[in-house]
Amino acid sequence: MTEQPHSRIDLQDEIVRLNKIIAALIKQADARNSDKMTDFSLFQSQVMLENEVHNRTEQLENALLKNKQINAELIDTQRKMMEEIEERKLVLLALEQEKAEQKELIQKLEESDRQLRQSEKLASIGQLAAGIAHEINNPMGFITSNLSSLQRYFTHLFQLIALYEKSSAEPANPVLPQQIQSLRDEIDIDFLKEDIGPLFQDSIEGAVRVRRIIQDLLHFSRAGENYWEWANLQDGLNSTLNILSNELKYKADVIREYGDIPQVHCMPAQLNQVFMNMLLNAVHSIDIHGEIRVKTGVHQNQVYISIADTGSGMSPEVKAKIFDPFFTTKRLGTGTGLGLSVAYGIIKKHQGHIDVQSEPGQGSVFTVWLPLSPVIDSDDTH
């Protein structure tokens, strides 16, 4: 753009230069031919030269005019380009702002999704609270009873030990041996020796059982649920089945058919929630008593977890809606309608899918397919 004014100045300089050359040529011709040429021939030459100068000047003026037009067009083009650049800057600014708003919205949606999963998890645990309390209360009951008996036994033993110590200090006292034998008969020392061992063993087993229930609850509802890690899915299945043991044992026989599967890169706590929701649906679909078959296996680069029940099954109309939020076939107050919807979202986040096979009266089979190592967005790695 900045070179165009220079071109116009160059054309003007060229006109001046040519005029000077022509004037010099005319002057030189006049000097050389003043003696030889007639006035007419001199006039003729002068006219020809003037015509040539006129034509050349006209051509240069036309070129200068055209150059001015081109300069005007270029200036207009430059103005339009600057306007377009400004418009694009505004568009880019608007896009950046929209991107920031979308990022904030995505963060809010992820937080809402996390809260929804947590609410569903707590709702599930709340429904199982009575059964879990019963599972803990049973071993705690006989632990308390055993400790009470052991306290009484050891009180008697300490009394007997005190008499033995007194007898050792007073060997000539004839009454102490009789007191010792009387106390041995009273507390039935032979029975104590037989009963103390089993009481300790039963108490230890009860404490281990309570600890296992607590560990399974912690494993199910642990805080670090959004962390990706390599995990054995069968460990998660076992923990979930342990938590549901009181719910399951009265309604179904659980058959485990575990295959030899590799570890999967996943969020284990979230998958445990999927297993719990599916197992609860399975047991709730059984009217009196039935069977739940849990299978695991691997096919190509995917693992699968299959949960099959002998419950009431589903019609095609119900099957088409089971993953819709708040859809439930349970009676009011017994289900949130979010269990399978949350499970679907979790499996989709793991880049897997859920296959469902069901017919009325024939039970249902839910099969979860998961890639061994899904492609994770950098924002989700935590």
- Message: Which order do the peptides 167-178, 207-218 come out in when sorted by mean C-beta neighbours inside 10 angstrom, highest first?
- Response: 207-218, 167-178
- Query: By how many nm would the segment from I70 to R184 grow when fully extended, if each residue of separation counts as 0.36 nm and the alpha-carbon distance is taken off?
  - Reply: 28.4 nm
- Message: Can you report the principal axis dimensions of region 193-280 using only the alpha carbons, biggest first, rounded to whole angstrom?
- Response: 53, 30, 25
- Ranked output for segments 270-277, 183-190 by mean other Cβ atoms within 10 Å, highest leading, reads 270-277, 183-190
- Message: Please report the net charge: other residues with Cβ closer than 15 Å to the Cβ of M81, K and R +1, D and E -1.
- Response: -2
- Which entries in the list K99/K349; K89/K348; K108/K249; K103/K319 go over 30 Å, if you measure between the two C-alpha atoms of each? K89/K348; K108/K249; K103/K319
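Every number in this text was worked out from the coordinates using simple rules, so none of it is lab data. As the structure is a computational prediction, the values presented were derived from the model and not from experiment. A quick note on method: Cβ atoms are made from the backbone with ideal geometry, for glycine too, and the neighbour counts reach across all protein chains shown.
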